[in-house]
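The values are calculated or read from the model by the stated rules, or taken from the named source; none is laboratory data. Quantities reported herein were computed from a predicted structural model and do not represent experimental measurements. Positions of Cβ are generated from backbone atoms using ideal geometry, with glycine treated the same way; all protein chains shown enter the neighbour counts. Keep in mind that these areas ignore ligands, DNA and RNA; they rest on the heavy atoms of the full protein, side chains included. Shrake-Rupley method; radii C 1.70, N 1.55, O 1.52, S 1.80 Å.
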Amino acid sequence: MKSRPFWSRVLVLSLLLSATESGSLSIKAASIADIKPPQNLNAERKELFEKTSLVSGIPWTYLAAVDQYERTMNVAKKRNVHQRITSIYFTDSEWTGLLNPDQQDTNPKSISFFHGFGRDGSGDGIADRNNDLDLLAAMAQLMTKNGMQEENLQINLWNYYQNSRSVERIKQFATIFGTLNTLDVGEHAFPLPVNADYSYRSTWGDNRGWGGHRSHEGTDLFARYGVPVRSTCYGIIEVKGWNPYGGWRIGIRDASNIYHYYAHLSGFQKGIKENDVVKPGQTIGWVGSSGYGKPGTSGKFPPHLHFGLYRDNGLTEWSFDPYPSLRKWEREELSKLKN
């Protein structure tokens, strides 16, 4: 099934209808500014993606996932992006066409002639790179170029990003949003029960000797064997199993494209597996002392949880100090217990 050439105008009409008080509808310049400001930005985004899904045929979860991936890239690449409801981003040359002599072109016809991605999604005759509806129209057209089955969507996204990592992240985000049926996935939890007996300090950058000289990419939280280890986020289990350095470990990807790494576990929660979606505070395993050897090696150091955070910029991944986040999540949970 091919995308409908008039779907963008249908989307505008549905948005205007939803934003107008019952019994009255005034047709004015169709732009995102005509819509009443949302009480909850994520709820407004979800509504926008669901309506776009109805007229484009693309699952709302994929539209939300692409938008979220673009948001994480805006942060990682420090893009200068105008404040909008969506975070979809095109460069000038992508929007207007590489060979277009006018890189600020907003005419849909000339943009199309030069094979630019820019589209008029708001029905005002202008392809504006800072208009949410125009950006959604452009991305929807791109995503449905060769069909709308999930496999086709992924192929189209690969053709655009030319990067399997990008497609994988979008799939993961779509799974998170689809499983939870919400875009409100920013809550966090401390990785250990705050009423447990534990201690930790900043160990970022400390030297490590086993397996060669290397820097410590995380924070060690010392606790007794068997203390529950909990998910710190809403996310999807990306990796689970043995690592010679980390022992029994789990890696969870959250919707901000941050990888949460838990190492030296004594075991995993029964039934938990890769591609499962988890929630903050959900038990995923227990504190142990596994690692520094072949599968099953344990006891070479005191029991503790090694916790790390890694950021992804679309091409590579790097660690950053998790200690400030741990302190913040701990304070938030302690505050909840007092209230």
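If you check 124, 105, 120 for being of a type in the set (Asp, Glu) and farther than 15 Å from residue 136 by Cα, only one passes: 105.
Given 215, 266, which one is at pLDDT below 95 and either in contact with a Lys or Arg (Cβ under 9 Å, 6 or more places away or on another chain) or not basic (Lys, Arg) (or both)?
Details: 266 fails: at pLDDT below 95.
So the residue among 215, 266 that is at pLDDT below 95 and either in contact with a Lys or Arg (Cβ under 9 Å, 6 or more places away or on another chain) or not basic (Lys, Arg) (or both) is 215.
Of the residues 308, 241, the single one that is open to solvent by less than 20 Å² (accessible area, probe 1.4 Å), out of contact with any strand residue (DSSP E or B) (no Cβ under 7 Å at 6 or more places or on another chain), not hydroxyl-bearing (Ser, Thr, Tyr) and not in a helix (DSSP H, G or I) is 241. Here residue 185 passes the criteria (1) at pLDDT 90 or above; (2) on the phi > 0 side of the Ramachandran plot except the one numbered (2). Consider the stretch 165-178. How many of its residues are touching a residue at least 40 places away in the same chain (Cβ under 8 Å) and open to solvent by 20 Å² or more (accessible area, probe 1.4 Å)? So the answer is 4.
State yes or no: is residue 315 surrounded by fewer than 16 Cβ atoms within 10 Å (Cβ to Cβ), outside any loop (DSSP other than H, G, I, E, B) and of a type in the set (A, V, I, L, M)? Walk me through it before giving the result.
Details: surrounded by fewer than 16 Cβ atoms within 10 Å (Cβ to Cβ): yes; outside any loop (DSSP other than H, G, I, E, B): no; of a type in the set (A, V, I, L, M): yes.
Judged against the criteria, residue 315 is not a match.
Whenever a residue of the stretch 284-303 is on the phi > 0 side of the Ramachandran plot, its partners that are open to solvent by less than 10 Å² (accessible area, probe 1.4 Å) and at pLDDT below 95, lying with C-beta atoms within less than 7 angstrom and at least six residues away or across chains, give the pairs 291/246.
For first residues located in the stretch 143-164 and surrounded by 14 or more Cβ atoms within 10 Å (Cβ to Cβ), partners that are of a type in the set (Ser, Thr, Tyr) and lie 6+ apart or on another chain with Cβ distances below 6 Å form the pairs 144/3; 153/62. Among residues of the stretch 234-250 that are under 18 Å from residue 297 (Cβ atoms), those with a beta-carbon under 6 Å from a residue that is of a type in the set (D, E, K, R) and not in a loop (DSSP other than H, G, I, E, B) at least six positions away or on a different chain give the pairs 243/249; 250/240. Residues in the stretch 58-88 that are open to solvent by 40 Å² or more (accessible area, probe 1.4 Å), farther than 14 Å from residue 255 by Cβ and at pLDDT below 95: 77, 78, 79, 80, 81, 82, 83. All of (1) open to solvent by less than 50 Å² (accessible area, probe 1.4 Å); (2) polar (S, T, N, Q); (3) within 27 Å of the chain's Cα centre (by Cα) hold for residue 181 with one exception: (1).
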